[in-house]
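**Student:** Please see the structure below; I have some questions.
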Amino acid sequence: MTVHRPPLYTPLHIIPSYSPRLGVGWAVVNALALLVIAGSPLPGWGRLALGGALAIQAWREMTVHILRSSSRAILEALWDGQGDWTLHVASGTWCPAELERDSLVTLPLVVLNFHARSRRRCSLILTTDNCDPELLRRLRVRLRLEYGRPPQKLDPGC
């Protein structure tokens with residue numbers, strides 16, 4: 001038997017685009033990290049290995065969060081009226097997901113951390129230049145209404 005819940009909100013359909021500010025910030029942070037590694041007292045082979053590992057990780061995360069060309073990248077997110085999330089990943093699948101409580105919500109930046117039921121943990125980074133500002137405002141308000149409440153206390157008698 002399926003329980004039908006009436007919709008509480010209008011669905012939010014989030015389709016992020018390329019963010020120039022996020023791309024520049026990502027490049028600056030990784031370039032600074034490479035400078036720190038280059039100036040470290042590690043032997044040459046250690047600096048090379050650490051720099052290579054950083055470059056690989058930076059490229060991997062850039063293809064997921066900025067270029068959205070990786071098969072792990074989230075292309076769309078749908079938050080329906082009942083409060084359920086569905087993610088469209090670049091591999092072509094739609095998968096149900098749950099929003100983690102450690103997501104970050106600020107005015108210029110929203111980082112939504114998900115636990116997809118068919119996949120591991122994944123994130124969607126939204127900024128004011130890769131998402132419609134009105135949609136981002138509605139998302140922040142709805143997140144505050146839905147998740148801004150403190151967790152319910154368990155009844156000690158249970």
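Computed from the coordinates by the stated procedures, all read-outs in this text should not be read as laboratory data. Owing to the predicted nature of the structure, the values given are computational and were not obtained by experimental measurement. Here the Cβ positions follow ideal geometry from the backbone for every residue, glycine too, while neighbour counts run over all protein chains shown.
**Student:** Fully extended, how many nm does the chain gain between Leu107 and Tyr18 (0.36 nm per residue separation, minus their Cα-Cα distance)?
**Tutor:** 30.2 nm
**Student:** May I ask for the angle, rounded to the nearest 10°, between helix 44-65 and the longest principal axis of the chain, with both axes built from Cα atoms and the value confined to 0 to 90°?
**Tutor:** Computed tilt is about 30 degrees.
**Student:** Any chance you could give the angle, 0 to 90 degrees and rounded to 10, that helix 133-147 forms with the longest Cα principal axis of the chain?
**Tutor:** 70
**Student:** Could you give the angle, 0 to 90 degrees to the nearest 10, between helix 20-38's Cα long axis and the longest principal axis of the Cα atoms of the chain?
**Tutor:** Once rounded, one gets 40 degrees.
**Student:** Thinking of the stretch 12-146 as a set of Cα atoms, what percent of all their pairs are more than 25 Å apart?
**Tutor:** Of all Cα-Cα pairs in the stretch 12-146, 34 percent lie more than 25 Å apart.
**Student:** Treat every Asp and Glu Cβ in the chain as -1 and every Lys and Arg Cβ as +1, leave all other atoms uncharged, and give the resulting dipole magnitude about the Cα centre to the nearest 20 debye.
**Tutor:** Result for the chain is approximately 200 debye, rounded to the nearest 20.
**Student:** Let me ask something else about it. Does anything in the stretch 71-86 have its amide N under 15 Å from the 7 Å Cα→Cβ label point of Asp129, and if so which residues?
**Tutor:** none
**Student:** While we're here: Local charge sum around Val111 (other residues, Cβ-Cβ under 13 Å, Lys/Arg +1, Asp/Glu -1)?
**Tutor:** Surrounding charge for Val111 is 0.
**Student:** Taking only DSSP H segments of four or more residues, each worth -39500 (n - 2.57), what value at 222 nm results for the chain once the sum is divided by all its residues, to the nearest 500 deg cm²/dmol?
**Tutor:** -12000 deg cm²/dmol
**Student:** Fully extended, how many nm does the chain gain between Arg60 and Ala33 (0.36 nm per residue separation, minus their Cα-Cα distance)?
**Tutor:** Contour length minus Cα-Cα distance gives 8.1 nm.
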